[in-house]
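Asks: I am attaching a structure below and will ask some questions about it afterwards.
Only the coordinates and a few stated rules stand behind these numbers; no lab work does. Bear in mind the structure is a predicted one, so any value in this text is a computation, not a measurement. Positions of Cβ are generated from backbone atoms using ideal geometry, with glycine treated the same way; all protein chains shown enter the neighbour counts.
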Amino acid sequence: MRAMVVKEWGQPFTLEERPDPEPGAGEAVMKVRAAGVGLTLVTMRTGVFGGEVPRVMGHELGGDIVAVGDGVTNVKPGDRCGVYFYLNCGYCRWCHGGRETLCDNHGGYVGVHVDGGYADYVCLPAGNFLPIPSGLSYEDAAIAADAVNTNWHCMRERAQISPHDDVLLIGAGGGVGVHGIQVAKAFGARVIAADISDEKLEFARKWGADEVINVRAVNDLGEATRKLTDGKGVEAAVDYVGASESFTAAIGALATAGRAVVIGAKPGTVQINPIDLLISEKTITGSRHSTRTELMETMEVMAKGTIKSAIGKRVHFTEVETLFEDLQAETLLGRGALTYDD
């Protein structure tokens with residue numbers, strides 16, 4: 001099979017020919033039909049998430065099961081499946097309690113700690129394959145697997161969006177943020193999109209943003225946000241950038257009892273006034289990916305057409321390096337997508 005391989009962390013992809021994988025006990029092999037590419041992968045390729053090299057990356061995947069190992073009962077050859085990103089134990093208190101992203105025995109990530117799907121085939125624990133509902137394409141299932149389900153978990157569980165909430169999304173023109181616009185709108189919110197260029201903000205408007213703010217054209221994002229909410233601030237602010245400055249701005253934009261949630265993360269510190277938290281009962285928290293159940297819910301919602309994939313650029317998977325270049329240059333609008341036509 002063809003595989004795009006990272007031989008050393010921080011290095012570009014190399015096209016290699018590898019033997020087709022064979023499933024061991026409890027594993028299944030999927031023929032990859034589509035994949036997504038986002039900024040998280042650029043960070044992962046630096047090596048900060050751990051994992052050994054050489055490595056085939058890629059975790060946002062859709063395809064067909066072609067082989068299963070001994071003891072596998074949840075999937076069979078011919079099944080259309082998406083892929084769950086985390087390698088979890090399935091039996092700790094968090095996994096049993098419906099918060100498997102906090103698994104006590106977290107084994108890492110698909111495409112980092114085991115080979116992923118920037119290849120013709122991917123072999124994974126069978127439990128990481130989830131059924132694609134009827135009517136949903138392979139590409140949509142791939143985009144659901146990170147860009148959409150991360151938002152589904154965030155908006156419902158962490159930001160706790162309610163109808164008529166004002167919501168600020170920082171980095172709204174990116175591959176996760178633009179899907180966050182759609183998810184927040186699905187929960188009934190009025191969305192204020194913030195990003196660094198008019199092009200990204202135009203893209204955000206295309207996907208449903210009600211108001212936009214160019215952060216490079218204002219001195220204080222919190223103040224600019226309050227102007228759009230009659231001085232009230234927002235009930236929720238979601239930061240896809242995760243820099244000290246952006247998350248500080250998210251907190252500063254909150255209304256009384258507002259929730260600030262960080263999804264993207266960069267090293268740094270944020271100063272918080274505990275008296276402000278006490279008096280206004282604001283919540284400051286993080287949001288980490290999603291559960292398997294939430295990914296299945298996300299795919300069902302997308303199959304109904306409520307949320308759609310916002311693809312900025314498609315290339316063949318052997319040209320994935322070009323998408324990484326666009327992501328590093330901050331020029332990619334929406335999500336990158338990979339095709340697998342021979």
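Asks: Compute the relative contact order of the range 160-286 as a whole-number percentage, counting only Cα pairs closer than 8 Å that sit 6 or more residues apart in sequence.
Replies: 21
Asks: Going by how many other Cβ atoms sit within 10 Å of their own, how do Asp276, Asp210, Asp146 line up, fewest first?
Replies: Values: Asp276 13, Asp210 17, Asp146 27.
Lowest count first: Asp276, Asp210, Asp146.
Asks: What trypsin sites (Lys or Arg not before Pro) does the range 241-310 have in DSSP loop regions with at most 15 other beta carbons within 10 Å?
Replies: In loop regions of the range 241-310 (DSSP not H, G, I, E or B), the sparsely surrounded trypsin sites (Lys or Arg not before Pro) are Arg288, Lys304, Lys308.
Asks: Let me ask something additional. Mind checking which aspartates and glutamates have their C-alpha under 15 Å from Lys31, skipping anything on the same chain fewer than 8 residues away?
Replies: In chain and number order, the partners are Asp20, Glu22, Glu60, Asp64, Asp79, Asp115, Asp120, Glu139, Asp341, Asp342.
Asks: Starting from the Cα gyration tensor of the range 142-183, take the square roots of the eigenvalues, sort them a ≥ b ≥ c, and report rounded, prolate or oblate (rounded when a/c is under 1.5, otherwise prolate if a/b is larger than b/c, else oblate). The partial results should precede the final answer.
Replies: Details: a/c = 2.36, a/b = 1.36, b/c = 1.73.
Here the range 142-183 falls in the oblate category.
Asks: Compute the separation of the alpha-carbon centres of the range 308-335 and the range 67-142 and state it in Å as a whole number.
Replies: 23
Asks: Can you tell me the 0 to 90 degree angle between the C-alpha axis of helix 292-303 and the longest principal axis of the chain, rounded to 10?
Replies: 80
Asks: Under 21 Å Cα-Cα from Lys308, which lysines qualify once same-chain neighbours fewer than 8 residues away are excluded?
Replies: Partners found: Lys185, Lys200, Lys206.
Asks: Using every pair of alpha-carbon atoms in the range 160-286, split the distances into 10 Å bins beginning at 0 and state the percent of pairs per bin, rounded to integers.
Replies: Calculated P(r), rounded to whole percents: 15, 50, 31, 4.
Asks: Could you state the principal axis extents of the C-alpha atoms in the chain, from the largest down, to the nearest angstrom?
Replies: Principal extents (Cα only, largest first): 60, 41, 37 Å.
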